[in-house]
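Data block below; observations after.
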Amino acid sequence: MARLRDLGVDFEHWCFACGRLNDAGLHLDIEVSKDRAETRFVPDRRHEGYDGTVHGGIQSALLDETMGWAIFHQGIWGVTARMTVTFRNPVVVGEELRIVGEVVRRRSRAIETHGAISRASDNEVLAEADGTFLVMSDERRRELERRYSATDEAFARVRAAVEREHAEKDGEHLRT
């Protein structure tokens, strides 16, 4: 997995989920690999709905953000068009969560994704989502890449790291 921050992606912005400037935000640290993104998060009382449990809107934001980053390693930027969340079990404040987003299918202008929130201690699935992301235009993608690159070619570095990891895994499968 490639940690976006280590490869020069700039998180000094106001995004509720991943931005560092938003005091009320989640400050997620995202890692990506081929068709996949992952993060960990420990919700606190600010994220509470009913006493002791995490609000469904916070859970939805975690899933939306992670599924969105799952499409991006290929140089694709998208916006959420649709997302359906299934809440399976209560998400308890203070427990470490593992959130995974994966690309399920790519069509010409839309990418279908799946995400899951699990309790880190035992991997029990607590919530799942299916989403559809619409692909942004090349012009908008280039604009966003310039805005969110802390270093020149940060997103090219991310794509290269993911391709390297994928090639290494392919090589391991050929040897076994």
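The values are calculated or read from the model by the stated rules, or taken from the named source; none is laboratory data. A quick note: this is a predicted structure, and the numbers were derived from the prediction, not measured. As a convention, Cβ positions derive from the backbone with ideal geometry for all residues, glycine included, and neighbour counts pool all protein chains shown.
Structure summary
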read-out: Pairs where the first residue, in region 140-166, is closer than 12 Å to V32 by Cβ and the second is modelled with pLDDT of 70 or more, C-beta under 6 Å, 6+ apart; value: F155/E145; R159/G75; V162/S33; V162/K34; E165/S33; H166/K34
read-out: Test: G94 is in contact with a helix residue (DSSP H, G or I) (Cβ under 9 Å, 6 or more places away or on another chain) and surrounded by 14 or more Cβ atoms within 10 Å (Cβ to Cβ); value: no
read-out: Within region 48-85, tally of residues that are buried (at least 17 other Cβ atoms within 10 Å of the Cβ), touching a strand residue (DSSP E or B) at 6+ places or on another chain (Cβ under 8 Å) and among the small types (G, A, S); value: 4
read-out: Single residue of region 124-137 satisfying the filter (in contact with a strand residue (DSSP E or B) (Cβ under 7 Å, 6 or more places away or on another chain) and surrounded by fewer than 16 Cβ atoms within 10 Å (Cβ to Cβ)) that is nearest to E65 (Cα to Cα); value: L134
read-out: Search result, residues across region 90-137 that are of a type in the set (V, I, T) and under 13 Å from R40 (Cα atoms); value: I99, V100, I117
read-out: Residue check for V85: under 21 Å from L28 (Cα atoms), β-branched (V, I, T), part of a strand (DSSP E or B) and over 13 Å from the mean Cα position of the chain (by Cα); value: yes
read-out: Looking only at region 30-47, and only at residues there that are surrounded by 16 or more Cβ atoms within 10 Å (Cβ to Cβ) and without any contact (Cβ under 8 Å) to a residue 60 or more places away in the chain, the one that is farthest from A167 (Cα to Cα); value: H47
read-out: Filter result (under 14 Å from I99 (Cα atoms), part of a strand (DSSP E or B) and of a type in the set (D, E)) within region 33-70; value: E38
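To keep it simple, each residue is scored yes or no on (1) acidic (D, E); (2) part of a loop (DSSP other than H, G, I, E, B); (3) free of Cβ contacts under 8 Å to residues at least 60 places away in the same chain.
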residue: T80; (1), (2), (3): no, no, yes
residue: R98; (1), (2), (3): no, no, no
residue: R105; (1), (2), (3): no, no, yes
residue: S108; (1), (2), (3): no, yes, yes
residue: I117; (1), (2), (3): no, no, yes
residue: T132; (1), (2), (3): no, no, yes
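Residue-wise test of (1) surrounded by fewer than 17 Cβ atoms within 10 Å (Cβ to Cβ); (2) of a type in the set (D, E); (3) modelled with pLDDT of 75 or more; (4) within 22 Å of A61 (Cα to Cα).
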residue: P90; (1), (2), (3), (4): yes, no, yes, yes
residue: V100; (1), (2), (3), (4): no, no, yes, yes
residue: S149; (1), (2), (3), (4): no, no, no, no
residue: E172; (1), (2), (3), (4): yes, yes, no, no
residue: T176; (1), (2), (3), (4): yes, no, no, no
